[in-house]
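These notes concern the structure reproduced below.
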Amino acid sequence: MKVLWANLVDKSGYNELGKDEEKLYKKWGKAMALLAGDPRHPGLKSREIEALSRCYGMKVWQSYLENSTSGAGRLFWVCGPQQGEITVIGLEPHPEDKKSAGYAKVTLSSMGKEDE
């Protein structure tokens, strides 16, 4: 996730973002600003995803990147590794949890050294 964000930031600095990259950059940036200020901000609609928390052995939270659009993007995050920190571990379209094992299809990054 860190590499993806750094790539978007670099491309933005050189005005080289494609249309889809620019949309993602703006939505992700706005969501991160809201998360940094208050992870419970009403616009994020943050909630724990119990199926992912069980799977990954830690509380996994989902916040909105967007709403009311086909395949609306979701930001997945965990608290840590240090107290007061949030680590983004995934960006996915809404997994439609009522259909086809929804959250079982979500693949998230780890919080290990490889992400630094």
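The values are calculated or read from the model by the stated rules, or taken from the named source; none is laboratory data. Keep in mind it's a predicted model, so treat the numbers as computed, not measured. Glycine gets a Cβ as well: all are built from the backbone with ideal geometry, and neighbour counts include every protein chain shown.
Is it the case that the range 51-66 has a residue that's of a type in the set (S, T, N, Q) and part of a loop (DSSP other than H, G, I, E, B)? No - not one qualifying residue is present in the range 51-66. Taken as a whole, the structure places L52 among residues that are over 10 Å from the mean Cα position of the chain (by Cα), touching a residue at least 40 places away in the same chain (Cβ under 8 Å) and more than 16 Å from L4 (Cβ to Cβ). When L17, L44 are screened for being in a loop (DSSP other than H, G, I, E, B), touching a strand residue (DSSP E or B) at 6+ places or on another chain (Cβ under 6 Å) and crowded, with 16+ Cβ neighbours inside 10 Å, only L44 passes. Please determine whether any residue of the range 80-89 is closer than 19 Å to S109 by Cα, surrounded by 13 or more Cβ atoms within 10 Å (Cβ to Cβ), modelled with pLDDT under 90 and in contact with a Leu (Cβ under 7 Å, 6 or more places away or on another chain). No - not one qualifying residue is present in the range 80-89. S109 passes every criterion in (1) out of contact with any helix residue (DSSP H, G or I) (no Cβ under 9 Å at 6 or more places or on another chain); (2) of a type in the set (S, T, N, Q); (3) modelled with pLDDT under 90 apart from (1). Taking the range 8-25 as the range and being among the basic types (K, R) and at pLDDT 95 or above as the test, the residues that pass are K11, K19.
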